[in-house]
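The values are calculated or read from the model by the stated rules, or taken from the named source; none is laboratory data. Since this is a predicted model, take the numbers as computed values, not measurements. Positions of Cβ are backbone-derived with ideal geometry, glycine not excepted, and every protein chain shown enters the neighbour counts.
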Amino acid sequence: MKRLLIFFPFIIGLLSLGSCSKMNSSQEETQQPNIIFIMSDDHATNAISAYGGRLAEQFPDLTPNIDRIADEGMIMQNTFCTNAICGPSRAAILTGKFSHVNGFFKNESGGDFDGSQQTFPKLLQKAGYQTAVIGKWHLGTVPTGFDYSKVMINHGGQGTYFNTVFLENGQDTIKETRFHSSRQVWEDAKKWLTKGRDQKKPFMLMYQFKAPHRPWDPDPKFQHTFDDVEIVEPETFNDTYEGKVAAGNTWQTIERNLNRKDLKVHPENIDAMSKQEINAWYKYGNNNEEPWSPNDTLKGQDLKKWKYQKYMKEYLGCVKGVDHYIGELLNYLDESGLAENTIVIYTSDQGFYLGEHGWFDKRMMYEESFKMPFLIRYPNHIQPKTVSNKLAMNVDFAPTLLDFAGVEIPKDIQGKSFRNIVEGKEEDKWRDAVYYHYYEFPWWHHVLPHYGIRTEKYKLIHFYYNPEVAKNKWRANDWELFDLENDPNELNNLYGKAGYEEITAELKERLLAAQSEYKEDSQEDMMKKTDVRIGRVYEHNKYTK
């Protein structure tokens, strides 16, 4: 309506709301939308106010700007990653294909992303879009399919919160020392939006934060936001892992595996220590050593609670920074007149454990890391304050964006467009199950390779391989079955219990069907992917540290 009032002031009195809406709709249908794809790293839905939960109850205004996207568009409650680890999730998003097809299946020693393959940014480029990626990349190889790129390359490609090293357009190395990385990503995005792009072309910007990834160093503006509060603990904080063999063997517990660097505890005699001794001191916990304590009196449950509080306050401080610089972007879109014809998406590469099951990190197929946030706003196309409970996956993002841009979706893309769902149209043939597969073992967190299937009510997981069992590599009996309706916290493994034989058999059939549909590897090839050791581009260069 604003657009009509600007261009036709002399007919204001003659227009009705109905005719105005009709003209806007016609205009939007003939104009390709701009796309801003915002992604953070390790942001759990439990740390977004719009998703509700214990943290939203304690901090209703935790993420006001991300919540704004939900208020002005749709929040999707059941969006899942296909492999809950940073690089593989990003590769799945770019290609619309599962890890075993796009070739990037683990972060550690799995090689780098094949940038020559088809991605949705390349397809948008061919359709006339200007494309850019700014911020975290973590795929090793130089970004392809982008007219402009400025991506983090230090610390093994993870980037750092301060003094971040970027690679610009695949050529120029730039060390940014003025700002925290979250602000730096915003400054670079603003510069490209205002001065770096062709104003006559539609654009697609991937706006990607390192935060709130480990080691959780907030922007100084938010460093002390949670100092004077006690963060509420989750119901499953003291999960005993009864009936869950793999869960009991992970190295991602709050109690044992958060290290001193994570919690900002420094040695008193650091000046007398060698660099090697300092590194070992900070990293203690990574290899599942006995729990460390900041003093001689803090032990047991009190020590676990102390570590949780330290961890959560740093993590949530990082979340506040991400939300703030999303707000800066949304304000810019309003002020520049771009908001009306721009799709804005917020997501994370996967979820994260915020003390649930006594953990931090991700990887496991349990809900907290398996589930991704996904919020989308597109004025005149997506109704405000709408909610979808449909089952979606990160391989669906690429075809959905291509669909909105009017670009033909290649047949080899494995995901499906959910444009009809977010626009409120009927989608009769939508899926009723999602598939998952995680490969990386043992580093970093000693999580056994597993695959599984989730329906609206049930989840079946198969931990199929343990490389540490030399003589018997098959672990065919390590299955877990959960009734998500009656046991949303996934505490009770029902596999093998009386009364669940029929649903187990049905889910195994569904699992085999999904593996056939998605052209999954043979069991032998699955194990080879775990065993393979291929170096990464940034593992040994001068920007690694």
key: Residues that are modelled with pLDDT of 95 or more and within 19 Å of the chain's Cα centre (by Cα), drawn from region 425-449   = Val434, Tyr435, Tyr436, His437, Tyr438, Tyr439, Glu440, His445, Val447
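Listed here are the residues, each with its yes/no results for (1) at pLDDT below 95; (2) assigned to a loop (DSSP other than H, G, I, E, B); (3) acidic (Asp, Glu); (4) in the same structural domain as Phe441 (by TED's automatic domain parsing).
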| position | (1), (2), (3), (4) |
| --- | --- |
| Leu494 | no, yes, no, yes |
| Ile503 | no, no, no, yes |
| Leu507 | no, no, no, yes |
| Ala513 | no, no, no, yes |
| Ser516 | no, no, no, yes |
| Lys519 | no, yes, no, yes |
| Tyr538 | yes, yes, no, no |
| Asn541 | yes, yes, no, no |
| Lys545 | yes, yes, no, no |
ask   = How do the strands (runs of 3 or more DSSP E) wholly within region 80-199 filter down when requiring 2 or more residues that are touching a helix residue (DSSP H, G or I) at 6+ places or on another chain (Cβ under 9 Å): which remain?
value = 130-135, 148-152, 164-168
task = Report, by residue number, each residue of region 70-81 that is among the hydrophobic types (A, V, I, L, M, F, W, C) and within 20 Å of Ile93 (Cα to Cα).
result = Met74, Ile75, Met76, Phe80, Cys81
request  = With the checklist (1) among the polar types (S, T, N, Q); (2) within 27 Å of Lys310 (Cβ to Cβ); (3) free of Cβ contacts under 8 Å to residues at least 60 places away in the same chain in hand, flag the one item Ser182 doesn't pass.
outcome  = (3)
message = Looking for something crowded, with 16+ Cβ neighbours inside 10 Å, modelled with pLDDT of 95 or more, among the polar types (S, T, N, Q) and assigned to a loop (DSSP other than H, G, I, E, B) - is there at least one such residue anywhere in region 465-480?
response = no
inquiry  = Can you go through Asn279, Asn259 and tell me which one is touching a Pro at 6+ places or on another chain (Cβ under 9 Å) and under 28 Å from Ser181 (Cβ atoms)?
reply    = Asn259
remark   = Scanning region 134-163 for residues that are polar (S, T, N, Q) and free of Cβ contacts under 8 Å to residues at least 40 places away in the same chain gives Thr144, Ser149, Asn163
ask   = Applying the selection to region 419-462, what residues are touching a residue at least 40 places away in the same chain (Cβ under 8 Å), more than 23 Å from Asn257 (Cβ to Cβ), part of a loop (DSSP other than H, G, I, E, B) and not basic (Lys, Arg)?
value = Glu423, Gly424, Trp430, Asp432, Glu456
query = Within region 248-259, is there a residue that is at pLDDT below 95 and either among the aliphatic types (A, V, I, L, M) or buried (at least 20 other Cβ atoms within 10 Å of the Cβ) (or both)?
reply = no
request  = Using the structure shown, decide if Lys307 is surrounded by 15 or more Cβ atoms within 10 Å (Cβ to Cβ), of a type in the set (D, E, K, R) and free of Cβ contacts under 8 Å to residues at least 60 places away in the same chain.
outcome  = yes
request  = Examine region 202-213 for a residue that is of a type outside the set (Asp, Glu), within 26 Å of the chain's Cα centre (by Cα) and either part of a helix (DSSP H, G or I) or at pLDDT below 95 (or both), and state whether such a residue exists.
outcome  = no
inquiry  = Return the residues of region 213-234 that are within 28 Å of Gln184 (Cβ to Cβ) and charged (D, E, K, R); say none if nothing qualifies.
reply    = Arg214, Asp217, Asp219, Lys221, Asp227
ask   = So is Thr240 closer than 30 Å to Val469 by Cα and loosely packed, with under 14 Cβ neighbours inside 10 Å or not?
value = yes
request  = Among the candidates Ala50, Ala56, Ala70, single out the residue that is surrounded by fewer than 24 Cβ atoms within 10 Å (Cβ to Cβ), in contact (Cβ under 8 Å) with a residue 24 or more places away in the chain and more than 16 Å from the chain's Cα centre (by Cα).
outcome  = Ala50
message = With the structure loaded, tell me whether Pro212 is in contact with a Cys (Cβ under 6 Å, 6 or more places away or on another chain), under 30 Å from Asp487 (Cα atoms) and in contact (Cβ under 8 Å) with a residue 24 or more places away in the chain or whether it fails that test.
response = yes
